[in-house]
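Notes follow the structure.
Read the figures in this text as sums done on the coordinates, not as results from a lab. Source: prediction; values computed, not measured. So basically every Cβ, Gly included, is an ideal-geometry build from the backbone, and we count neighbours across all protein chains shown.
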Amino acid sequence: MKKEEIFKLNICVHPLSKISKIIITDNKLHIYIKEAPEKNKANKAIIKMLKSIFKTQITITKGLASKRKQITISGKDKEDIKGILQKISISSMH
C-alpha cells in the first residue's frame with residue numbers, strides 16, 4: 001500500500017483569462033482561469049480545477065489574495081502527483 005503524503009506546490013494564477021488551462025514552464029505551474037479575482041471566485045475555480053485533475057483534496061495554504069499561491073495536495077502519494085504533473089507538462093508543450 002502506498003503512503004499518502006502532503007505535497008506543497010507553488011503556483012502562479014492568471015485570472016480573467018480567455019480560457020482556463022494549466023501550463024508548466026521553467027518548472028513553474030501557471031494556472032489560467034476565466035474567473036475574476038474577487039469574492040474568492042478565482043480561488044474556488046483553482047481548487048475546482050485542481051481537484052478534477054488530481055482527484056484528491058486541494059487546499060490553498062498561502063497567498064489567498066495574491067497571484068502567487070501555495071497549494072497543498074493531500075490524499076495522493078508523491079509519485080502519483082509527479083506523474084500527473086508530468087502529463088500536464090507534456091500536454092503544455094503542444
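Of note:
- Rounded Å value of the spacing that divides the Cα centres of the stretch 1-48 and the stretch 49-64: 8 Å
- Of the three principal axes defined by the Cα atoms of the stretch 36-94, the extents in descending order read 33, 29, 18 Å.
- Within a straight-line Cα-Cα reach of under 18 Å, Lys55 can be paired with the following lysines, leaving aside sequence neighbours fewer than 8 residues apart in one chain: Lys2, Lys3, Lys8, Lys21, Lys44, Lys76, Lys78, Lys82, Lys87.
- Built amide H within the under 5 Å cut-off of Asp77, gap 5+: Glu5
- Between 0 and 90°, nearest 10: helix 78-92 axis offset from the chain longest Cα axis: 50 degrees
- Global geometry of the stretch 1-69, whether rounded, prolate or oblate, following the gyration tensor of its Cα atoms and the 1.5 cut on a/c: prolate
- Within the stretch 1-91, the GluC sites (Glu not before Pro) that combine a DSSP coil assignment with at most 11 other C-beta atoms in a 10 angstrom radius are Glu38.
- Between the helical axis of 41-54 and the longest alpha-carbon principal axis of the chain there is an angle of about 30 degrees.
- Full extension of the chain between Ser20 and Lys41 gives 6.2 nm of extra length, using 0.36 nm per residue less the Cα-Cα distance.
- Net charge of the neighbourhood of Lys18, taken over other residues with C-beta under 13 Å away and scored Lys/Arg +1, Asp/Glu -1, is +1.
- Note on the chain: helix-only mean residue ellipticity at 222 nm, from DSSP H runs of 4+ residues weighted -39500 (n - 2.57) and normalised by residue number, equals -10000 deg cm²/dmol.
- Taking the Cα centre of the chain as origin and assigning +1 to Lys and Arg Cβ atoms and -1 to Asp and Glu Cβ atoms, the resulting dipole is close to 240 debye.
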